[in-house]
Amino acid sequence: MLRGTQAVFLEEHRNTPVLLDSKHAIDAMIDALILAGPLHNAAQLMSLDRQMSPSDMPDHIFLVGVSTGGQSGILSYSTGEEGALIPAGEATAPVAIYMLNTHPRESLEPTEVPIDLVRQAVNEFVPSGGQRPTRLEWREERN
């Protein structure tokens, strides 16, 4: 049985992450990002179903961001093995800045995707036990 995914997207979640264990919880998180405004428009997700790294840290991070207005967003999947990956495709801007708990997360040459695709990717990530969503093609993120 899967344990779900922890999500941190508001200040109060730093010490008590939100558990994403259903489609309803995922949609509620994305809706909260849309409503939270530009200082809290990104979430960091970590599956509870993957092993921790030797340094007792998650071996992966899935970053989900929602643009102002909620029409599009950004995804970034990172592991020690694969590095940081973002959706493949043409860059939609020279740089995009999403805020995770008021801390900027800058993405160079990002590929922002429609909000429906953001929802689909998170809905694939959570029940997969933290695997990279397959409904997207991915490319290395530029630093």
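The values are calculated or read from the model by the stated rules, or taken from the named source; none is laboratory data. Remember, it's a predicted structure, so these values are computed and weren't measured experimentally. Don't worry about glycine lacking a Cβ; one is built from the backbone with ideal geometry, like all the others, and counts go over all protein chains shown. The protein model used for the area step is the full one, side chains on, heavy atoms only, and it has no ligands, DNA or RNA in it. Shrake-Rupley method; radii C 1.70, N 1.55, O 1.52, S 1.80 Å.
Quick one: net charge around VAL64, please, counting Lys, Arg +1 and Asp, Glu -1 for every other residue with C-beta under 11 Å from its C-beta.
Around VAL64, the charge tally is +2.
Over the chain, what portion of Cα pair distances is larger than 17 Å, expressed as a whole percent?
Tail fraction, whole percent: 56.
Roughly speaking, to the nearest percent, how much of the chain's 1.4 Å accessible area is carbon and sulfur?
Solvent-exposed carbon and sulfur of the chain make up 53 percent of the total.
Once you mark the GluC sites (Glu not before Pro) that are in a DSSP loop and have at most 10 other Cβ atoms within 10 Å, what is the longest gap between them in the chain?
In the chain, the maximal stretch lacking such sites is 1-80.
May I ask you to give the solvent-accessible area per residue for the chain, in square angstrom, as obtained with a 1.4 angstrom probe?
Computed with neighbouring chains in place, this is 53 Å² per residue.
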